[in-house]
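Structure record follows, encoded as structure tokens.
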Amino acid sequence: MTDHLFIVTGGPGSGKTSLIEALARRGLRTMPEAGRAIIQDQVAIGGTALPWANRAMFAEVMLCWELRSHREASALSDVVVMDRGIPDVMGYLTLCGLPVPRHIVEASRMRRYNTCVFLAPYWERIFTNDAERKQDRAEAKATGKVMAETYRALGYRIVDLPLTDIAARADFVTASISEALGQR
């Protein structure tokens, strides 16, 4: 059973990682995002599994990362909040206009999370770029939309995060997790 695994998804620059870090400071178990770490590693070693070099290979490496994260988190009994999940790989390929291979669809169907998925919507006020995040505002908005569509198509319920400070977002997520687990 994987009802204790909760996903935070959305476009780049929407506050996902800041929220995950705040939840970790509150004592919740968390799993980091694949994309940023993969980009850092690939740049460091001169690899090509990068969104600006080979998007299909980047997606395959993300899939491997997310499968490992899912396996590791599934072995825990505590709630785990994950910075993206396996379906994000499907969403990424869809956003890029690339075919979604059958094995990625199958992984998304087989490796499930709690049906409550948190979406960090595009938020103009906090959106920024950095060395790993090169998407523009339009792509950030489109990413959030595609991720919501992808998770919904797989039977998940999307819960939009409020556009508020990190502490209030963390309060919202912890209350929503308790509700989803029936711990009101």
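Where a number appears in this text, it was derived from the coordinates with a stated rule and is not lab data. None of the values given here were measured: they were computed from a predicted structure. Positions of Cβ are generated from backbone atoms using ideal geometry, with glycine treated the same way; all protein chains shown enter the neighbour counts.
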Farthest toward positive dipole pole in the chain [+1 Lys/Arg, -1 Asp/Glu at C-beta], among Leu67, Ile45, Gly13: Leu67
Axial C-alpha extent at least 20 Å, average Kyte-Doolittle at least 0.5 - helices from the chain (DSSP): 166-180
5 angstrom amide H check on Val159, placed H, neighbours 5+ away: Val117, Phe118, Leu119
Phi to ³J(HN,Hα) by Karplus 6.51 cos²θ - 1.76 cosθ + 1.60 over segment 113-119, Hz, x for Gly, Pro: 10, 4, 5, 7, 10, 8, 10
Normalised per residue, the volume of the convex hull around the Cα set of the chain (Å³): 112
The chain - percent relative contact order, Cα under 8 Å, separation 6 or more: 34
Hydrodynamic radius of segment 1-60 per Kirkwood, over alpha carbon pairs, in Å: 13.4
Cβ-Cβ FRET estimate between Arg109 and Leu50, R0 fixed at 35 Å, reported to 0.05: 0.80
